[in-house]
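**Student:** Following this message is one structure expressed as structure tokens.
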Amino acid sequence: MVNIPRPALLLVAAALTLPAAGCARNKVKGDTAYVARDVNTLYALAKKSADRGEFAEAAKLFDEVERQHPYSVWARRAQLMSAFSYYMAQQYTDSISSAQRFVSIHPGNQDAPYANYLIAMSYYQQIADVTRDQKITQQASDAFNELMRRYPGSRYATDARLKIDLINDHLAGKEMEVGRFYQRSGNWLAASTRFRAVTDKYQTTSHAPEALERLVECYLALGVPEEATKAAAVLGRNYNGTPWYKHSYELIRRYRPKS
């Protein structure tokens, strides 16, 4: 199920308000071949489709509003509603395209933060598990960071911060997954590079304690106990109550030559 914060839904509800004049009498299904309609009728058809949960059809009809009446007061709103409808239909590529078009044409509009939020959420909904390529994950991170940079005081900033934390944890998980693979293969240097990336870039994520412990293992295997001791010290200072620290402590203790 696609989730979107209540403030965003309130914004959409406001955007769906129709002009006073005109009402839809024709039921449109299937194609979106060009059939000339007045803007009120066309927008009403799009709204009815959205109200019925037929978001893919609604998105096409909102696109028609913009196509047939590009200079009307409803074209801008239809553009944003198209992006939202594609999002709700889980057609995320089309949602991103519509929202980006809205932002490029109306960068100073009061709804621009919401359009940017739709872009970020469309990437976010496509994030794959850590065994797959994380290009989309990075795009989601970039989009949320751009939203934070451009609209730090918007109603979407709080959710963006939360999503960025979740994304960072996911990206750290990918580094850990690759690092463990290298470690199992005995490629200690490559493994240590991945674990170091977690401790440098994602030190506030849930993967940091394990990354430090595995660095201890890698450094000992590489014959650099000084670096292993430093990693264990950082682990002890920040996470000394975890099993990861206890394990690293035992590794260091066993490695030290007996006097």
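The values are calculated or read from the model by the stated rules, or taken from the named source; none is laboratory data. This is a predicted model, so every value here is computed, not measured. Positions of Cβ are generated from backbone atoms using ideal geometry, with glycine treated the same way; all protein chains shown enter the neighbour counts.
**Student:** Restricting the search to the range 101-129, which residues are surrounded by fewer than 16 Cβ atoms within 10 Å (Cβ to Cβ) and β-branched (Val, Ile, Thr)?
**Tutor:** Ile105
**Student:** I'm trying to understand the selection: among the residues of the range 192-207, which are crowded, with 17+ Cβ neighbours inside 10 Å, assigned to a helix (DSSP H, G or I), of a type outside the set (S, T, N, Q) and in contact with a Leu (Cβ under 9 Å, 6 or more places away or on another chain)? Write out each step before concluding.
**Tutor:** Residues of the range 192-207 that are crowded, with 17+ Cβ neighbours inside 10 Å, as a first pass: 192, 194-199, 202, 205, 207.
Narrowing further to those that are assigned to a helix (DSSP H, G or I): 192, 194-199.
Restricting the remaining residues to those that are of a type outside the set (S, T, N, Q) gives 194-198.
The answer is Phe195, Arg196, Val198.
**Student:** Then there's this: What are the pairs with Cβ atoms under 6 angstrom where one residue, in the range 177-193, is among the hydrophobic types (A, V, I, L, M, F, W, C) and the other, located anywhere, is surrounded by fewer than 18 Cβ atoms within 10 Å (Cβ to Cβ)? Sequence gap at least six, or different chains.
**Tutor:** Going by the 6 Å Cβ cut-off, the qualifying pairs are Trp188/Ala221; Trp188/Leu222.
**Student:** So is Asp169 within 30 Å of His247 (Cβ to Cβ) and either in the same structural domain as Lys230 (by TED's automatic domain parsing) or buried (at least 17 other Cβ atoms within 10 Å of the Cβ) (or both) or not?
**Tutor:** Working: within 30 Å of His247 (Cβ to Cβ): yes; either in the same structural domain as Lys230 (by TED's automatic domain parsing) or buried (at least 17 other Cβ atoms within 10 Å of the Cβ) (or both): no.
Spelling it out, it is not the case that Asp169 is within 30 Å of His247 (Cβ to Cβ) and either in the same structural domain as Lys230 (by TED's automatic domain parsing) or buried (at least 17 other Cβ atoms within 10 Å of the Cβ) (or both).
**Student:** In the range 200-220, which residues are in contact with a helix residue (DSSP H, G or I) (Cβ under 6 Å, 6 or more places away or on another chain) and closer than 16 Å to Tyr182 by Cβ?
**Tutor:** Residues satisfying the conditions are His207, Glu210, Ala211, Glu213, Arg214, Leu215, Val216, Cys218, Tyr219, Leu220.
**Student:** Please state which one of Glu213, Glu175, Glu217 is part of a helix (DSSP H, G or I), crowded, with 22+ Cβ neighbours inside 10 Å, modelled with pLDDT of 95 or more and more than 22 Å from the chain's Cα centre (by Cα).
**Tutor:** Details: Glu175 fails: more than 22 Å from the chain's Cα centre (by Cα); Glu217 fails: crowded, with 22+ Cβ neighbours inside 10 Å.
Result of the check over Glu213, Glu175, Glu217: Glu213.
**Student:** Okay, moving on. Given the criterion outside any helix (DSSP H, G or I), in contact with a helix residue (DSSP H, G or I) (Cβ under 9 Å, 6 or more places away or on another chain) and more than 30 Å from Ala231 (Cβ to Cβ), identify the matching residue among Arg101, Arg155. I'd like the intermediate steps shown before the answer.
**Tutor:** Values: Arg101 fails: outside any helix (DSSP H, G or I).
So the residue among Arg101, Arg155 that is outside any helix (DSSP H, G or I), in contact with a helix residue (DSSP H, G or I) (Cβ under 9 Å, 6 or more places away or on another chain) and more than 30 Å from Ala231 (Cβ to Cβ) is Arg155.
**Student:** How about the range 74-95: which of its residues are assigned to a helix (DSSP H, G or I), surrounded by fewer than 23 Cβ atoms within 10 Å (Cβ to Cβ) and modelled with pLDDT of 95 or more?
**Tutor:** Listed by number, the residues that qualify are Met88, Tyr92, Thr93, Asp94.
**Student:** Please specify each residue of the range 130-154 satisfying the condition of being touching a residue at least 40 places away in the same chain (Cβ under 8 Å) and either within 18 Å of Tyr92 (Cα to Cα) or surrounded by fewer than 16 Cβ atoms within 10 Å (Cβ to Cβ) (or both). Even if it seems obvious, please write down each step before you answer.
**Tutor:** Taking the range 130-154 as the starting set, the residues that turn out to be touching a residue at least 40 places away in the same chain (Cβ under 8 Å) are 130-131, 134, 154.
Hits for the range 130-154 are Thr131, Gln134.
**Student:** Now, a different point. When residues of the range 110-127 are filtered for being in a loop (DSSP other than H, G, I, E, B) and in contact with a helix residue (DSSP H, G or I) (Cβ under 7 Å, 6 or more places away or on another chain), how many remain? Let's see the steps before the verdict.
**Tutor:** Restricting attention to the range 110-127, the residues satisfying the condition of being in a loop (DSSP other than H, G, I, E, B) are 110-111, 125-127.
So of that shortlist, the ones also in contact with a helix residue (DSSP H, G or I) (Cβ under 7 Å, 6 or more places away or on another chain) come out as 111, 125-127.
Residues meeting the conditions: 4.
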